[in-house]
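First comes the structure, then the notes that go with it.
The values are calculated or read from the model by the stated rules, or taken from the named source; none is laboratory data. The structure displayed is predicted, hence computed values, not measured ones. Heads up, the Cβs are rebuilt from the backbone with ideal geometry, glycines too, and the neighbour counts pull from every protein chain shown. In case anyone asks, the SASA skips ligands and DNA or RNA and just uses the protein heavy atoms, side chains included. Shrake-Rupley method; radii C 1.70, N 1.55, O 1.52, S 1.80 Å.
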Amino acid sequence: MRLFPITLQSMMQNAIRRYPSVFALLALAVLTSLAYSNALPNSFQFDDYEGIVNNTVLHELKNIPSYFIRPTLFRGSARIDWRPVLQATYALDYAIDEANPAVFRVTNILFHIGAAWLIFLIVAEMDRKRPLLSSTAVSVPSIWLCLIPAALFAVHTVNAETVNYIWARSSLLAAFFYLLGFYCYLRGPLSGLERSSRWWLAGGVAAMGLGMATKATAASLPAALVAYEFLFLNPAGRNPLSLYLKDPRRLLKYIPLAAILLGYTALRAWLLPRTMRQFVSTSWVGRMTYLRTQFRAWVYYIQHYVWPDGFILDYPGFGWSTSLWDVRVLVSLAIIAVILVVAWRARRTQPILSFFILWFFIALLPEASIVVRPDKVTGHRPYLSHVGLSVVAAVLLLQAAIWLWRKWKREHWRESGFRLAYAVAIVVVLCGLTGATWKRNLVWRDGLTLWTDALRKDPSNARGYMTLSMEYADREEYDKAQELMDRAAQLEPRNGRLFYYRGYLNMVLDKDDAALANFAVDLKIHPTQAITYVHVGDIYRKMGRYDDALRSYQIALRLNRRYPEAHFGVAMVHWEKKELDQATAACRKLNELNPRQRQGYTCLGSLLMHQEQFGEALRIYYKGALRFPDDATLWYGLGTAYEELGLYKEAQDAYAKSSTLLRRSAIEEKVKKTRPRRAD
């Protein structure tokens, strides 16, 4: 009876020993899936709607080549960038199941698993060169030592925003390629082996290129490689300048990476000249003010890695630091100095500790130094830096455990007891982090839960009140929406976006004159926001001011020629003016630009029915119903087309389908209204 479990145990140990990388991948996949399994029902949030859901250029795979040469396709507004690889992943996700957030989030989880696995591979490669445990220390299998930092990264709550927030995939994906490029260099140019080094070099260069085409934060990869070479491949202990002066050939492996950086800079200057001019000119907030604020941000990120409960999606209350003598800046600089001194002193005895401390700061430099970003701190910005903190935490936990064992060990507490105690401690930490991540995922369930959490932690967040006001407006709780909007106005009466949100709220309350006044102020501040022109056009159309409405829609289309709501507005204006040919052309254009949007089928089908083109209307409704089988309106339109063509049996079936969908929708709405709301 005892032979089977013993044999099974030995087989598992043998499999782990022979295929450690496969075992690590499976273990990390299981851990990550447990931590994020409850995140799949979460909705899109914040920038997800403008950047993905309403960005029609992502809805057709044929547009993927255009992402590489047309940065204006990045988002549905004037905020443009060049991130074609990121956009390609969004397009592929949309092709699977359209705007289903679960599909997008599964992709995020898969890349997160890949990033954690690359951490394991990198630490394992380093461990082969400089073992984490010296020969005099206790013996712990190397695979477990390398797996712990990867597992910490996989389930740590500080990464929950990057995994949950689809628009934050840029940070996740860039980190994945960054880690891949670093690993390729470890296996190739930095391995000391000539054989197959060129292939690893090519892989590293390609990975950096993909990373730069995802987000510019990948630009710090060469600095991380130099830090590694200085700490691990520098037996004489020279400083970096002497290291390369004594042996200039060491620089050859960095030439392809330098070419990537130069090519990227030139490409951005060509595709985004305005953005590049803004980069070199004076920013809206001084660069030194931003840098001083980021000193505090570095400590903020470390603090929340240790205790992640206080992380917030949006944190304007963090405040700017306009003076170097700000006490918060001085304290942060002192903490940073102590950490860097520790890294320097440990460089010979604990190079892996020193290296990953440097990794934390190097990874933050592109976005958290002098390149001014709109937000002072974010939850997804330090995603790549968390790699460094995860390895540092694992090393410090191991060293602390060994120190305690040596200090308090007794004759009856042997190494096996130490290993068991250490394993139990790690399991407790991982379980605690998994539970905290599971809880944080629930905060991301929808806009109401997310922004309520943000305001609970930072009641001074005017943007939070405005966004939460819109959530209540969408739920038709207008008194609550107005209360929150008034609170935002009290906090920041000159906030430019306040006028847009007020205009939208007044629009849904049918206060058209007030809405137009608010939108007019917003357009003076943000003249390139296409969505505002669409709302203005909708109000003018409702008021019967068709020429003004058409003018607003056309401005929106000049800003974003693929804007579906603008095309729909143009069609409705022409229809109401009895200009059916122009209305049909606009609806047809809408359907051609985005055949994955149901609005185009409804618009075109209705117009064709109105013009008694029943056969063509039948074809449009049929295609729409096949694509959107849960849309009662399309099934009803299909029924009317069948009926006009004398196909009464088919019409009856289509009407029955429409009625079933309407009843189901009514039941769901009734359940939603009677369900108790979560307390704020």
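Would you please classify the overall shape of the stretch 328-473 from the alpha carbon gyration tensor, given that a ≥ b ≥ c denote the square roots of the eigenvalues, rounded means a/c under 1.5, and beyond that prolate means a/b larger than b/c while oblate covers the rest? Note, shape of the stretch 328-473 comes out oblate.
Need one number for the stretch 122-249: average projected area of the convex hull over its C-alpha atoms, nm².
Numbers: hull surface 39.8 nm².
That works out to 9.9 nm².
Relative to one another, the C-alpha centroids of the stretch 565-605 and the stretch 346-367 are positioned 57 Å apart.
Over the chain, what percent of the accessible surface lies on carbon and sulfur atoms, probe 1.4 Å? Can you show the working numbers first?
Numbers: 20060 of 32660 Å².
About 61 percent, which is the carbon plus sulfur part of the accessible surface.
Amide H contacts of residue 191: none lie under 5 Å away among residues 5 or more positions distant or on a separate chain (H built 1.01 Å from N in the peptide plane; Pro and chain starts excluded).
Stretching residue 270 away from residue 408 to a fully extended chain increases their span by 43.2 nm, per 0.36 nm per residue minus the current alpha-carbon distance.
Hey, what's the chain come to in accessible area per residue, 1.4 Å probe, Å²? Don't jump to the answer; show the numbers that get you there.
Values: 32660 Å² over 680 residues.
With the other protein chains kept in place, the chain gives 48 Å² per residue.
On the beta carbon distance between residue 233 and residue 619, with R0 = 56 Å, the FRET formula returns roughly 0.25. A simple rule links phi to the HN-Hα coupling: the Karplus curve 6.51 cos²θ - 1.76 cosθ + 1.60 with θ = phi - 60°, which for the stretch 235-252 gives x, 7, x, 6, 6, x, 5, 5, 4, 8, 5, 6, 9, x, 5, 4, 6, 4 Hz, with x for Gly and Pro. Per-residue 3J(HN,Hα) values for the stretch 436-449, derived from phi via the Karplus relation 6.51 cos²θ - 1.76 cosθ + 1.60 with θ = phi - 60°, read 5, 5, 4, 5, 5, 4, 5, 5, 8, 4, 7, x, 5, 5 Hz in sequence order (x marks Gly and Pro). Cys residues of the chain that find no other Cys beta carbon under 4.7 Å: 146, 184, 431.
When the inverse distances between all different Cα atoms of the chain are averaged and flipped, the Kirkwood radius reads 28.3 angstrom.
Listed by chain and number, the lysines placed with their C-alpha closer than 28 angstrom to that of residue 657 are 623, 649, 670, 672, 673; residues fewer than eight positions away on the same chain are left out. The calculated FRET efficiency for the pair residue 66 and residue 344, based on their C-beta separation and a Förster distance of 60 Å, comes to about 0.80. Each residue of the stretch 29-40 is assigned a 3J(HN,Hα), and the resulting list reads 5, 5, 4, 5, 5, 5, 5, 10, 5, 8, 8, 4 Hz, derived from the Karplus form 6.51 cos²θ - 1.76 cosθ + 1.60 (θ = phi - 60°), x at Gly and Pro. Taking GluC sites (Glu not before Pro) in DSSP loop conformation with at most 12 other Cβ atoms inside 10 Å as exposed sites, the chain has its longest uninterrupted site-free stretch at 195-410. Taking R0 as 25 Å, what FRET efficiency do you get between residue 199 and residue 40 from their Cβ-Cβ distance, rounded to the nearest 0.05? For residue 199 and residue 40, the calculated efficiency is 0.10. Summarising the label geometry, the points placed 7 Å from Cα in the beta-carbon direction at residue 526 and residue 337 lie 4.2 nm from one another.
Taking the helices alone, the chain has a mean residue ellipticity at 222 nm of -22500 deg cm²/dmol, built from -39,500 (n - 2.57) per DSSP H run of at least 4 residues and averaged over all its residues. Measuring between alpha carbons in the structure, the pairs from 480/524; 480/511; 542/578; 542/577; 62/589 lying more than 19 angstrom apart are 480/524. Each of residue 659 and residue 322 was given a label point 7 Å from its Cα along the Cα-to-Cβ line. The distance between the two points is 6.9 nm.
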